[in-house]
Amino acid sequence: METNARANLGRPRIKTADPELMRAINRFHVLDAVRLYGPISRVEIAERTELSPATVSAITGALIEDSLIDAKHVQLVNGGPRGRPRVMLELNRRAAHVCGVRLSADRIAIAVTDFRADVVGAVNLPIRPARQPVAVVADIIEDGVRQCVADAGLRLDDVEGVGIGLPGVVDGRTGICLSSPILSEGAADLAKLLDDRFPAPVTVENDAHLVALAERWFGHGRDVDSFAVITLEHTLGIGAFVGDELFLGARGLGPTFGRLAYTPPDGRMASTIDGYASQAGILARAVATGCVSAADGGMPTPTLMRHLVERAADGEAALVDIYAKAGEALGFGIAQLINLTNPAKIILSGQGLEAIDLIRQPLLATVETWTAQELQGTSEIVFIDEDDEVWARGAACAVLRQLYEAPWNNGQRQARQGK
């Protein structure tokens, strides 16, 4: 069957000339409806997916046979029609388990989820990947995954896939990280390094794309067709759903946000949005203004960045100005995003939101200044404080998204029911 790897994280691309692909697309939409709205009847599935009742019945029958969904008989009460009980469908949470891994500047977060993306085990390792050779990072990921799976009461063979997210430019089709600020070598073929370590396939993606997928599945992006997630971390990342599909560009690498050129209106040095608003950029400006010694101006650790936020909150003028300029740079980039794509929501997440009280007002004021008048107020801006488990859960969702598309035929896969 012909596949399109770039569509793995978004809605499958429809090719009506390929009946097998159409069946996979329809199966995905049925599973996704059951995940989102279950317990749900076949009639409601047909209404939500716009598939015919006969198609829904055929697909759900096969999914029940393969133990991917459960059928429950519910007797309607409170004035409902009498007669035989109504059949309601929901995902079988034991049908599969997957593992998600999130690499950040100062730790590696791992989560194991069931088939409904509910977390059944999690491990947080305080490791700085940049201080280790990439091969050693792969060893740590392997050990962490094995520990997390065991702690969840599972075997490694019970895991259907491992998803890994990290900041940088990542080719999700091949698993090659072309560049990342948190890897000592800057680039690595992570999929190749890890494939032989696990019995299940490994997926590697940009972490902002995975947060966007998590928001689409069970967060603020659940009920809208277009939204963007901007992550405020060591660098700035973006994951954008446009037309209900994760936008990954011509080569599957996706857009960048932090590298947008930015010249402050006060005539300060031109740079990028990263240079003003990422944690690395804020730390560099704190060093340049003497707020932090050059010896402490390396990796923006959580402890150091929290200390800078506290000093700015106490009124240290130079740091207050640095954070205000960070908010302005973010606001400028968000305004351009609204002008270009006008998403229903723009979601800001990440460690950088510790400084939300310092950046919110200049950010919103700059968005209003630079957004086209006709588009003012059309995009809702949401600030959320996500923990590491959510990021790792997004990586797990990437694997589940592929499993939902894959054929699950009897004899090819065995559901993990009862384990």
Original post:
Under a 5 Å amide H to amide H cut-off, with H placed in plane at 1.01 Å, what residues pair with residue 383 once short-range neighbours are removed?
Top reply: 348
Subject >> Most fluctuating residue given options 346, 182, 140, as computed from a GNM of the chain linking Cα atoms under 10 Å >> reply: 140
**OP:** Would you kindly derive the ³J(HN,Hα) couplings of segment 260-269 from the backbone phi angles with the Karplus curve 6.51 cos²θ - 1.76 cosθ + 1.60 (θ = phi - 60°), listing them in order in whole Hz, with x for Gly and Pro?
**Re:** 4, 5, 8, 10, x, x, 8, x, 5, 4
**OP:** Quote the convex hull volume per residue of segment 298-403, based on C-alpha atoms, as a whole number of Å³.
**Re:** 128 Å³
Subject >> Intensity falloff of segment 136-218 expressed as log10 I(q)/I(0), Debye formula with alpha-carbon point scatterers, at q = 0.11, 0.14, 0.16, 0.18 Å⁻¹ >> reply: -0.31, -0.50, -0.65, -0.81
Original post:
Among the DSSP beta bridges whose two residues both lie in segment 52-208, what percent are antiparallel, rounded to the nearest 5?
Top reply: 70 percent
**OP:** Taking the chain as the reference, fit the longest principal axis to its C-alpha atoms, fit the long axis of helix 388-405 to the helix C-alpha atoms, and give the angle between the two in degrees, 0 to 90, nearest 10.
**Re:** 40 degrees
Subject >> In degrees, nearest ten, helix 53-65 long axis to first principal axis of the chain (Cα) >> reply: 90 degrees
Subject >> Amide proton proximity set for residue 87, modelled H, under 5 Å, gap of 5+ >> reply: 74
Original post:
For segment 291-306, what does the Karplus curve 6.51 cos²θ - 1.76 cosθ + 1.60, with θ = phi - 60°, yield as ³J(HN,Hα) per residue in whole Hz, taken in order and with x for Gly and Pro?
Top reply: 6, 9, 5, 4, 5, 9, x, x, 6, x, 6, x, 5, 5, 5, 5
Subject >> Helix-derived mean residue ellipticity, 222 nm - over the chain, DSSP H n ≥ 4, -39500 (n - 2.57), to 500 >> reply: -12500 deg cm²/dmol
**OP:** Take every DSSP beta bridge with both residues inside segment 221-383 and express the antiparallel ones as a percent of the total, to the nearest 5.
**Re:** 55 percent
Original post:
By how many degrees, 0 to 90 and rounded to 10, does the Cα axis of helix 317-341 deviate from the longest principal axis of the chain?
Top reply: 40 degrees
Original post:
Where does the Debye-calculated log10 I(q)/I(0) of segment 64-177 sit at q = 0.09, 0.11 Å⁻¹, using only Cα point scatterers of equal weight, no solvent?
Top reply: -0.38, -0.50
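What fraction of the DSSP beta bridges in the chain is antiparallel, stated in percent and rounded to the nearest 5?
Within the chain, antiparallel bridges account for around 65 percent of the total.
Laboratory data are not the source of any read-out in this text; all were calculated from the coordinates shown. Keep in mind the model is a prediction, meaning the values are calculated, not measured.
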